[in-house]
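Heads up: the structure comes next, in C-alpha cells.
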Amino acid sequence: MPLVSSAEMFKKAYGNYAVGAFNVNNMEIIQGIVDAAKEEQAPLILQVSAGARKYAKHIYLMKLVEAAVEDTGLPICLHLDHGEDFEICKACVDGGFTSVMIDGSKYPFEENIALTKRVVEYAHARGVVVEGELGRLAGVEDAVNVSAKDATYTDPDQAAEFVRRTGVDSLAIAIGTSHGAYKFKGEPQLDFDRLAKIAALIPGFPIVLHGASTVLPEFVAKCNAYGGQIKDAQGVPEEMLKKAGTMGVCKINIDTDLRLAMTASIRESLAQNPDKFDPRDYLRPAREAIKNMVKHKIKNVLGASNRL
Ligand SMILES: O=C(CO)COP(=O)(O)O
Ligand SMILES: O=C[C@H](O)COP(=O)(O)O
Ligand SMILES: [Zn+2]
Ligand SMILES: [Zn+2]
C-alpha cells in the first residue's frame, strides 16, 4: 500500500474524533508511533518539520516511512509540518509527501492567501493536499484580554474567507494552544466559543490544532528525577482535546510529548545502567515508551482506535 492522503481520514473523523499527527525525526520515533497505531488500528499522520528534514534528510525519512507502511500495512499520510515557503512545499510534493502545510500565518492576510493559493495550485495538480494556517500561536499564553486575543487568535470570518479563496484542504487555527512544553502560565484555557464559530462558518471542513501536546506530568517528573531541569511545564488538558475532536478538529499535532517520553526514558536508562554504552540499551526502552504514550493518546485522547 502506498502513502495515502489525509482527505479520507478527515472525512471519516469529522465531528467524532481526531487523527494524531506525530512529528518524526528518526527510526525509533517512527517505529514507536507506527507500532502503536497498528495495535490500535488507527489512522495515522507522520509529519516532518523543516528542521527534521534537515536533520535526517528527506530521503532517509521518506524511506523509513515507506518501510513503516510496508512493515505494518497501515495507511499512513506523510505530511510536511510548517512549510514556510513555496520551495519547501514543492520539494515535498515532488519528493513523495502526500500532504504539505504552508504556514503563512506570519504574513498579512492577503499575502498569506496569495502564498497559500500558489501552493494549493501546485500541490492539487499533483494529487497532494494542503494545510494552511491563520492566526498566531506564538506568545498566546499571554493573550488573556479580549483585544490581545483578537489580535492573535483566528478570526472566524477571516477563516471562512481564507478557506474559500485559497482552496486549502484543512486549516490550522489559533485558539490558545502554543508549541512546546510551556503552554499556559495559569489555568489552561482554550477559546471554544471561537472554535465553534469557526466550525459553524466552514461546516464539515477539517480544522487542525497545533501545539496540542498534553505534556504528561509523569515524563516531566522522570526527566527531572534523572537530572533534567524542566520547570513549570504545562500542556493542554486531555479533556479539552477530546472536546475539540467533537467540534470539527480532525488533526491534532503532537511533538513535545514524543520528545518528553523519549528523553525521560533515555535519562532513566543511562542513570540506572551507568556501565552500559550500547545505544540499543537505551533506544529500545525509549521506543517502547513512545509506543505506550502514543497508544494512550490514540485510545484516550484522540478517540481514534479501531477507525481504519
Ligand atoms: O504543533 C506541533 C507541531 O506542528 C507540535 O505541538 P507540541 O509542541 O504541543 O507537541
Ligand atoms: O511545530 C514544530 C514542531 O514541534 C517541530 O519542531 P522542530 O522545528 O524543532 O523540528
Ligand atoms: Zn504556524
Ligand atoms: Zn505546529
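Things worth noting here:
- Surface listing: K242, K149 arranged by accessible area from highest to lowest gives K242, K149, probe 1.4 Å.
- Top of A244, A172, A160 by mean-square fluctuation, Gaussian network on the chain, Cα under 10 Å: A160
- Estimated FRET transfer efficiency (D157, M27; beta-carbon r; R0 51 Å; 0.05): 0.70
- Dipole magnitude for region 155-308: computed about the Cα centre from +1 point charges on Lys and Arg Cβ and -1 point charges on Asp and Glu Cβ, it is near 360 debye.
- Averaging the Cα positions of each part gives two centres, and for region 218-277 and region 9-37 these lie 16 Å apart.
- Farthest toward the positive end of the dipole of region 7-302, out of L64, P108, L137, is the Cα of L64, where the dipole comes from beta carbon charges about the Cα centre.
- Probing with 1.4 Å while keeping every protein chain in the model, the per residue accessible area of the chain equals 44 Å².
- Cβ-Cβ FRET estimate between K11 and T246, R0 fixed at 22 Å, reported to 0.05: 0.90
- Pairs of alpha carbons in region 7-302 whose separation is greater than 30 Å (percent): 29 percent
- Taken about its Cα centre, the chain carries a charge dipole of about 360 debye when Lys and Arg each add +1 at the Cβ and Asp and Glu each add -1 at the Cβ.
- Only Lys, Arg (+1) and Asp, Glu (-1) charged, at Cβ; region 40-151 dipole about Cα centre in debye: 260 debye
- Percent carbon-and-sulfur accessible area, region 25-182, ignoring ligands, DNA and RNA, probe 1.4 Å: 51 percent
The values are calculated or read from the model by the stated rules, or taken from the named source; none is laboratory data. It should be emphasised that the depicted structure is a prediction, and the values quoted were computed from it without experimental measurement. With ideal geometry, Cβ positions are generated from the backbone for all residues, glycine too; neighbour counts draw on all protein chains shown. Note: areas computed on protein heavy atoms with side chains; ligands, DNA, RNA excluded. Shrake-Rupley method; radii C 1.70, N 1.55, O 1.52, S 1.80 Å.
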